[in-house]
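Notes to accompany the following structure.
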Amino acid sequence: MHATYDLRAKQQTILTPRLQQSVKLLQMSAIEFTQELRQALSTNPFLEETAEDEEQSATPDGLLDEAPAANLAEPDMADVTATEVAADTTSESDSAYDPPAEYSGDFPTSRANGSGDDDRMDFGEWMHESPGLHEHLHRELAGYRLNDRDRALTHMLVEALDEDGYLRQTFEELEGLVELTPAPTKSEWNTALRLVQQLDSPGLAARDLGECLRLQLQAIEQATPAREVAIRLTEKCLEQLARRNQGEMLRTLGCDEGTLRDACLLIKSLDPKPGLRFAREEAQHIIPDVIVRKIKGRWLVDTNPAVMPRARLNSTYASMFRHARCNDRAPMAQELQEARWLIRNVEQRFTTIQRVAEAIVAHQRTFFEYGEVALKPLVLREVAEELGLHESTVSRATGNKYMATPRGIFEFKHFFSRELSTETGGTCSTTAVRALIKELIAGEDSAAPLSDVTLTQLLAKQGVIVARRTVSKYRTLMKVPPAELRRQF
């Protein structure tokens, strides 16, 4: 055995730490960016939060002496795939980055008192929180006088319910999870199940959709019109009801059309997923990054004041560090460098988002005037070429970014769609075609809904030539059921 040496040359693309941070900040949503800046303010001693009424601070004297003027170049955000092989050791000016004077909104970057000695009352601890499904049923069962065996069975049934409120597991599967001697019989399981089903939330603990609907129908007043027919319908004709097969249901139930219509309306008023009423939905907050307004006939784009950062370098700490004489300055120097990078990258982030938003508004001016049907085809490459940016940079600048307009709040990605040819030789966007399909379906007769073939023909009359399968695909994407399921009787 002889040792050998193999020398190989290879090229590798490496992003400098500063460029990595710039890319990271650009692709963040407004909420994620707020959290990131808040974290930086609480951990980096060279960053401080500016007050709303505080004037923009000038660059502290002497701080620029630490770096030559030639090293103040901005990172090239036009192409994030450029080869960077050297560490970025340049430093920037310590000038504060505050929002323009016309913005009066606060940026929520206030830091909480981390000492733990704040005696002020936290009203959030006193906020009412509605119980979940399992907690609610356990509270209901606590009012019943049950022996240990029955309570163990009902407890297991409650815990086995899914988020919709259904019991998907069989008694045999649950039997292995209950430590009872002797093993519970099927009669005991059925008794415990009936008890859970008879609590104050009808429809829970059902094993299928038909049973869920029957439990709710049995809980309403017996004198309710068409109640008995509705119960029989859930027992025998649930599949025909899903297909809107009126003739088959009439033959099976032996009732007239008026009674069947009342029974269907009664079933329609029921809740097929009763467990979701107890679901604890987390609020999904959307903060627009830019605001679009029409002023004197022109569509203008402004950065949302609520997301504008109020952060700058702490001039006091920076000056103290510059005059300090200590052996190991590397850790604090790194903190100061990171603070400078953050301020520059934050400014670069808002500049890029602003430019991309203005380009979108310029291309989609007809959308803001007339709505979805006037949305033009647009791809990322067109915006990238117009702004002189890399396509990946535009993709990051449009991901998880939102635009507040007079027509609502839209994600940047909403304005990008591929083009379809029209009969006149022009083009229209796929989003505009979906809007046309939605308008046609909204104006249809509920007793005779439009089929996909009919929708294709109506679009062709308007000059939009698409295949039937394309109409079917767009209808499915809009979560619109087919014609036979939209029919009302």
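Just so it is clear, none of the values below were taken in a lab; they were calculated from the coordinates. Quick caveat: nothing in here was measured; it's all calculated off a predicted structure. Cβ sites come from the backbone with ideal geometry, for glycine too, and all protein chains shown count toward neighbours.
Observations
- Once the Cα gyration tensor of the stretch 419-486 is diagonalised, semi-axes √(5λ) in Å: 21, 12, 10
- Ranked by how many other Cβ atoms sit within 10 Å of their own Cβ, fewest first, the residues Met403, Met332 fall in the order Met332, Met403.
- The slack between Glu175 and Leu300, meaning 0.36 nm per residue of separation minus the straight C-alpha distance, is 38.4 nm.
- Once Rg and the Kirkwood radius are both taken over the C-alpha atoms of the stretch 133-278, their ratio Rg/Rh works out to 1.05.
- Projected label distance in nm at Leu250 and Ala362, using a 7 Å step from Cα toward the beta-carbon: 6.3 nm
- C-alpha center-to-center spacing [the stretch 259-334, the stretch 1-43] in angstrom: 24 Å
- Projecting the Cα positions of Leu250, Phe171, Leu146 onto the charge dipole of the stretch 133-278 (unit charges on Cβ atoms of Lys, Arg, Asp and Glu, taken about the Cα centre) puts Leu250 furthest along the positive direction.
- Percent of C-alpha pairs per 5 Å bin, the stretch 272-397, short to long: 2, 8, 12, 12, 13, 11, 9, 9, 9, 6, 4, 2, 1, 0, 0
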